[in-house]
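Visitor: Below is one structure. I have some questions about it.
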4 protein chains.
Amino acid sequence: MDKVKVGILGATGMVGQRFIQLLANHPWFEVTEVAASERSAGKKYSEVMEGRWKLTTDIPEGVRKLVVKECAPGLDCRIAFSSLDAEIAGPIEQAFAKAGYVVSSNSRNHRMEPDVPLLIPEVNAEHLGLIPVQKKNRGWQGMIITNPNCSTIHLVIALKPLMRFGLSKLLVTTMQALSGAGYPGVPSLDILDNVVPFIGGEEEKVQTETLKLLGALAKDRVVPAQIVVSAHCNRVHVSDGHTECVSVKLDANPGLAEVTKAMQEFNPLKQLGLPSSPSRVIIVKQEPNRPQPKMDRDLEHGMASVVGRIRECPLLGYKFVVLGHNTIRGAAGAAILNAELMMKKGLIS
Amino acid sequence: MDKVKVGILGATGMVGQRFIQLLANHPWFEVTEVAASERSAGKKYSEVMEGRWKLTTDIPEGVRKLVVKECAPGLDCRIAFSSLDAEIAGPIEQAFAKAGYVVSSNSRNHRMEPDVPLLIPEVNAEHLGLIPVQKKNRGWQGMIITNPNCSTIHLVIALKPLMRFGLSKLLVTTMQALSGAGYPGVPSLDILDNVVPFIGGEEEKVQTETLKLLGALAKDRVVPAQIVVSAHCNRVHVSDGHTECVSVKLDANPGLAEVTKAMQEFNPLKQLGLPSSPSRVIIVKQEPNRPQPKMDRDLEHGMASVVGRIRECPLLGYKFVVLGHNTIRGAAGAAILNAELMMKKGLIS
Amino acid sequence: MDKVKVGILGATGMVGQRFIQLLANHPWFEVTEVAASERSAGKKYSEVMEGRWKLTTDIPEGVRKLVVKECAPGLDCRIAFSSLDAEIAGPIEQAFAKAGYVVSSNSRNHRMEPDVPLLIPEVNAEHLGLIPVQKKNRGWQGMIITNPNCSTIHLVIALKPLMRFGLSKLLVTTMQALSGAGYPGVPSLDILDNVVPFIGGEEEKVQTETLKLLGALAKDRVVPAQIVVSAHCNRVHVSDGHTECVSVKLDANPGLAEVTKAMQEFNPLKQLGLPSSPSRVIIVKQEPNRPQPKMDRDLEHGMASVVGRIRECPLLGYKFVVLGHNTIRGAAGAAILNAELMMKKGLIS
Amino acid sequence: MDKVKVGILGATGMVGQRFIQLLANHPWFEVTEVAASERSAGKKYSEVMEGRWKLTTDIPEGVRKLVVKECAPGLDCRIAFSSLDAEIAGPIEQAFAKAGYVVSSNSRNHRMEPDVPLLIPEVNAEHLGLIPVQKKNRGWQGMIITNPNCSTIHLVIALKPLMRFGLSKLLVTTMQALSGAGYPGVPSLDILDNVVPFIGGEEEKVQTETLKLLGALAKDRVVPAQIVVSAHCNRVHVSDGHTECVSVKLDANPGLAEVTKAMQEFNPLKQLGLPSSPSRVIIVKQEPNRPQPKMDRDLEHGMASVVGRIRECPLLGYKFVVLGHNTIRGAAGAAILNAELMMKKGLIS
């Protein structure tokens, strides 16, 4: 089988670099286009990235020589992975969808639109049912699917296996990594020996995206889950890996052992064999002081959500910690897995 | 007036050093004794502390030359400030109280005993009413009073002005500084680029001490407050200053403006003129991204609790962030303020 | 005596903030003007600095209400302290000098010009003899004096007392703080768990400025010192305080005790009583592991150079470590001290 | 071929863990024994290491179940890799050598003994000629070989290809990682926002080991190289990877291009096919701000020395930066490579 040609919109940013890294040697996809802002366009990717490539693996050989294009339809690819800045992502992604591309976006712009799937394959694969609605509504040849924000995704993966127990209330406090703010992102003087207890727009994203992700597909729309969600979001001095302290109310009150078991066994896509699927979706650590970003963010190549400290919460019943890599499963890896699911489901031909 | 002689038990540790720093030039107290473990005893304090003094101000001249004693009664002082390790603090503090000393302790050992005041002057000064009970129960000439744990104290200061609104539920997630673990404390390899989502015993302390502090004095004991408390405690890469994300249920639902006002105006000891009292007990920051440990921990010489981000919580009604210095108001400064209150109330003669 | 009115050019940057902080309650100077880029001009300083003021002390009351002006002559002040970006400092500082202002600049632009004093009061006060030359050359009413770069200044202060021993060779390796790069400066992702062994232009500055500073005034110019200087400059994960490892050849080979004594006794301006003069210009630490930025940068309010580990160097004869605060003595404090010296010498009337 | 059985002395420490990690799936060696202090002996390795395993890869399956032994002969292995504390390594390693084991040690104790090879395979393989001398001198069945200290090794690898140009003088300033101090090692409070310009004994090690490594074998001893070496050693806030600023005098004055070429082409063991040999011994980076520990320490699986900034030094002629992983090529990987060389040379049968 020939590999499907893919392009990266926003290829020079932190998440763009992750796309390129994760797609190196991908069995189904091949990066044929890299697109970025006007001032990078026309130069070779390797040249543009001198001093800007921030990952410790080298730029893949096949991508080094690609000439950077502008972010406009005309690219030679079938799928466009987007990690564009929210300031510009909206109309660009729409233009690509209109022109027939499959846009798998990490940007926030279209996430909450009623006919756009906000997708985590293990959580709400059935929301792909919005695609025909979207195509009809918009008259597009192509389509847009989105993945959630980097702190929401690990939270929701940990919550999904608890839905059967009647999840009704939820409080989460995040301690988020610096790479979540992109590059140059957070100035070192702002975070050395410090915590910043605020990330613009983040609490709202967690509080709204969670409900859509856990909601039910009803013909042409998603009925949001009936869960009360409150989020406190903080930036801490960690390079990669968001850590989240979660308290939940489970109406069925299943007990700690059942909660643990449900998380450990959670692997609804096992049979699909998607290339980027982690073999363990949720890893439950038993050590009292785990998960930790430095130790656990790279488990399953950064595609796992790592849970620990499952215990009783005096307020809501259960509490635990969940951690995951924010630019892999929380961004680029999420969008790639979404595209893999669509391939498998025959939505990309 | 002659200054009251005070001794420091555990004078070589992190909190012991803070005691010495904060008591330099104290208008009421004079450090006349420093006591520590056997292996330090008999040497001059300046000598013992070579390479171990961790504060950026110098050892006060008057303390440098003191000979370190063992931690046993016989010290020439009226008040013994204790920051002994919990492993040994219990019997030592009791021996001092029995021998007639006023023990103002930062150690956890006696905090939850029914006849020992767990005291924050601005919060529960009336709990000093336990002192006669304690003396009678124990047959002591002296007495023990305690201050709460470093994360509890700032939380409870922020909560106290909300009690009038019917505080009934509370969830707090802490991001605690390294100095809270003492010295050598947390190995650098464990925390560089990391978060440790666990501090042994800490969540239990927050969950129990809070209820005693906010409880009512009933003749010979404290009736714990009827509040549901849940705590998540984390260690982060910050030297000093605990940051805490708090959600609260206030039955009277007073609105954000009233909550803010109650905190800003909270200053019940204003008239007493205690030397270590902050002029503002709670400082409410209006900037969206404050408080921050690096920027705000030293406000009011480390004696303030700094609150920010007062806003609505979808789950409990109100949420905010509180931050404070953990070894000043959260430890040594707390014990000193407690002793000052006792002086003012005539309990130390 | 009325205070002399001073203005700050580049008042919103890191060094500009330090100027304002250090000049609060200055006995001779009063900040009457703050100037910055066009987009800040016209607004109140307190308003412009919302979220940008990075020091832990508050903006002084008198400065909060000042309206920010553009960086052009017309300001109501006698002295203009400049911490403008090198990209724009050149012509602006010249315009001020031409218009009659005394410009005390921390910017690099004019440092190496033959008729501009590059000044450290304790090191080369006699270089003020260039001022009449400058005025004559340029036809200016005012004048420009400069202070050296933040790593050079502490190095040269430590070297000056060694000049009598025949300093002929010198190798310095710096480990420089983040605040030296300004704000936003170094992205946190670039420095967390990292060292960057390069700072653009820094090695050249150390290698050239040192020779001018230690050179002799010869009528109308400075004859550079005959010293071979080599510098390695690195950025490390420290907020404030540059640490420098220095090896020197002293032709007279005075022995370690003499070297130490020369540094300790170095205080040539003692009699002048300049307000910002440290009481100890060089502090020599005896502990084997000092100086350290966290522990020693704030000694003498950040105006001291702190030396330690004076020992034999197998290659050049002597080696030691010198450390100092880079935005106080290394920048704003340096420029203020320069202006104080000029006041004392009657150059500012 | 059956794999050679190897044991780890000091298997619970930081370097011990690296040995175990690096030896997982080693083509020639198989870990059959793990030995540590008395208090660990008798328990399963996986059990002993709960909460103490600090690497992000898991403990290899084959090692998890090994029972920890005491550090005394009787172990079922041919080679003993030692990373024992210097306080105890001396007599233990000797006992093993006497009992017939091949001891490949990372400890400092025997490095400078005249009949003990201090070995870097690419640098001084011929020093293995000391082995017969050692066996004869000591009457041992077995033998001890050592690898240099973690900062010396990368320095000397970078210097070796320059020896042909007449290396006569050398000044190195190191910025060393925290893992070099073992675990728990450096307390976080000592290094957060700090540099410690002192590491006990380190400068002496660099200054002496370098000369032995670059010395010539003369029958029964090594004649130290005639090079003047001066070292400044610093601890910085980096987890892994020592960065070193080096100035050298090369009597032949070959020019920058020749120096670069000599380093790039340096690969004297290429033909031997040792399993842990890096394919590039020295990697020369061309970017102006490299090498950096975060970006470059893992190149060649941590076995490369990475050089950058080769440029002229006003003092000595040439300067550059060298960086390498301190617990891989600088410790465990070094000892393993040494054993591989001995295997290849027929010294381990």
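Visitor: Would you work out the relative contact order for chain A, in percent, from Cα pairs under 8 angstrom that are 6 or more residues apart?
Guide: So the answer I get is 17 percent.
Visitor: Out of the trypsin sites (Lys or Arg not before Pro) in the range D:193-244, which ones are loop residues according to DSSP with at most 13 other C-beta atoms within 10 Å?
Guide: Filter output for the range D:193-244: D:Lys219.
Visitor: Let me ask something else. Please find, in a Gaussian network model of chain A (springs between Cα atoms separated by less than 10 Å), the residue of A:Thr32, A:Thr146, A:Thr174 whose mean-square fluctuation is greatest.
Guide: Of A:Thr32, A:Thr146, A:Thr174, the Gaussian network model singles out A:Thr32 as fluctuating most.
Visitor: Only Lys, Arg, Asp and Glu count, each charged at its Cβ (+1, +1, -1, -1), so figure out the dipole size of the range C:150-325 about its Cα centre, rounded to 20 debye.
Guide: 520
Visitor: Given a Förster distance of 35 Å, report the FRET efficiency between C:Ala72 and C:Ala218 from their Cβ-Cβ distance, rounded to the nearest 0.05.
Guide: 0.45
Visitor: Let me ask something else about it. How far apart, in nm, are the 7 Å Cα→Cβ label points at A:Glu126 and B:Asn267?
Guide: Those two pseudo-labels are separated by 6.0 nm.
Visitor: Taking R0 as 30 Å, what's the FRET efficiency between C:Gln226 and C:Ser349 from their Cβ-Cβ distance, rounded to 0.05?
Guide: According to the calculation, E is roughly 0.20.
Visitor: Summing +1 for each Lys or Arg and -1 for each Asp or Glu, what net charge is found among the other residues whose Cβ lies under 15 Å from the Cβ of A:Leu9?
Guide: Once positives and negatives cancel, what remains is -1.
Visitor: Taking the range D:64-160, which GluC sites (Glu not before Pro) meet the DSSP loop condition and have no more than 15 other C-beta atoms within 10 Å?
Guide: none
Visitor: From the gyration tensor of the Cα coordinates in the range D:150-325, what semi-axes in whole Å does the equivalent ellipsoid have, largest first, with each one equal to sqrt(5λ)?
Guide: The three semi-axes for the range D:150-325 are 25, 19, 18 Å.
Visitor: Take every DSSP beta bridge with both residues inside chain D and express the antiparallel ones as a percent of the total, to the nearest 5.
Guide: 45
Visitor: Another one. With each run of n ≥ 4 DSSP H residues scored as -39500 (n - 2.57), what mean residue ellipticity at 222 nm is computed for chain B after dividing by its residue count and rounding to the nearest 500 deg cm²/dmol?
Guide: -7500 deg cm²/dmol
Visitor: GNM, chain C, Cα, under 10 Å: largest mean-square fluctuation among C:Asn326, C:Asn124, C:Asn147?
Guide: Residue with maximal mean-square fluctuation among C:Asn326, C:Asn124, C:Asn147: C:Asn124.
Visitor: For chain B, take the longest principal axis of its alpha carbons; what is the angle in degrees between that and the long axis of helix B:202-213, to the nearest 10 within 0 to 90?
Guide: Roughly 90 degrees, rounded to the nearest 10.
Visitor: Something else: Please check which bits of the range D:187-230 a label hung off D:Glu87 would reach, taking the label as a point 7 Å along Cα-to-C-beta and the cut-off as backbone N under 20 Å.
Guide: Hits in the range D:187-230 for D:Glu87 at 20 Å: D:187-188, D:199-202.
Visitor: Here is a further query. Hey, got the dipole for the range C:1-158? About the Cα centre, +1 on K and R Cβ, -1 on D and E Cβ, debye to the nearest 20?
Guide: Roughly 160 debye for the range C:1-158.
Visitor: Residues of the range B:237-261 with the amide nitrogen closer than 18 Å to a label point 7 Å from the Cα of B:Leu55, along Cα-to-Cβ, please.
Guide: Hits in the range B:237-261 for B:Leu55 at 18 Å: B:239-242.
Visitor: Projecting each Cα onto the charge dipole of the range A:150-325 (Lys/Arg +1, Asp/Glu -1 at the beta carbon, about the Cα centre), which of A:Ser239, A:Leu213, A:Pro291 comes out farthest on the positive side?
Guide: Going by the charge dipole, the pick is A:Leu213.
Visitor: Of the GluC sites (Glu not before Pro) in the range A:254-326, which ones lie in a loop per DSSP and count no more than 13 other C-beta atoms within 10 Å?
Guide: The qualifying sites are A:Glu265.
Visitor: Would you mind telling me the antiparallel percentage of the DSSP bridges in the range C:150-325, rounded to 5?
Guide: 70
Visitor: Working from Cα positions, state the angle (0 to 90°, nearest 10) between the long axis of helix C:14-23 and the longest principal axis of chain C.
Guide: 80
Visitor: Report the relative contact order of the range A:150-325, percent, no decimals, based on alpha-carbon pairs under 8 angstrom and at least 6 residues apart.
Guide: The normalised contact order for the range A:150-325 reaches 28 percent.
Visitor: Here's a follow-up. Would you mind checking the pairs B:Lys160/B:Lys261; D:Lys44/D:Lys98; A:Lys249/B:Lys249 and listing those with alpha carbons more than 22 angstrom apart?
Guide: The answer is D:Lys44/D:Lys98.
Visitor: Just check the protein assembly as shown against the gyration tensor rule for me: Cα atoms, a ≥ b ≥ c as the square roots of the eigenvalues, rounded for a/c under 1.5, and otherwise prolate or oblate depending on whether a/b exceeds b/c.
Guide: Judged from the Cα gyration tensor, the protein assembly as shown comes out rounded (a/c under 1.5).
Visitor: For the range C:265-316 and the range C:63-104, compute the distance between their C-alpha centroids and round to whole Å.
Guide: About 32 Å separates the Cα centre of the range C:265-316 from the one of the range C:63-104.
Visitor: Any idea which of C:Gly51, C:Gly16, C:Leu75 is furthest toward the positive side of the dipole for the range C:14-148, if Lys and Arg beta-carbons carry +1 and Asp and Glu beta-carbons -1?
Guide: C:Leu75
Visitor: Let me check I've understood the local charge: for C:Arg138, count other residues with C-beta under 15 angstrom from its C-beta, Lys and Arg +1, Asp and Glu -1. What total comes out?
Guide: Result for the neighbourhood of C:Arg138: 0.
Visitor: Can you tell me the Rg and Dmax of chain C, counting just the alpha carbons, in angstroms?
Guide: According to the Cα coordinates of chain C, Rg and Dmax are 19.4, 59 Å.
Visitor: Order these by the 10 Å Cβ neighbour count, fewest first: D:Thr56, C:Thr210.
Guide: So the residues, fewest neighbours to most, are D:Thr56, C:Thr210.
Visitor: While we're here: Which of D:Val236, A:Val238, C:Val248 comes first, and how do the rest follow, when ranked by fewest Cβ neighbours within 10 Å?
Guide: C:Val248, D:Val236, A:Val238
Visitor: Within a 10 angstrom radius of the beta carbon, how do A:Asp2, A:Asp115, C:Asp76, D:Asp240 rank from fewest other beta carbons to most?
Guide: Listing A:Asp2, A:Asp115, C:Asp76, D:Asp240 from fewest to most nearby Cβ atoms yields A:Asp2, C:Asp76, A:Asp115, D:Asp240.
Visitor: In debye, nearest 20: dipole of the protein assembly as shown around its Cα centre with unit charges on the Cβ of K, R (+) and D, E (-)?
Guide: 0
Where a number appears in this text, it was derived from the coordinates with a stated rule and is not lab data. Just so you know, these numbers come straight off a predicted model, no measurement behind them. With ideal geometry, Cβ positions are generated from the backbone for all residues, glycine too; neighbour counts draw on all protein chains shown.
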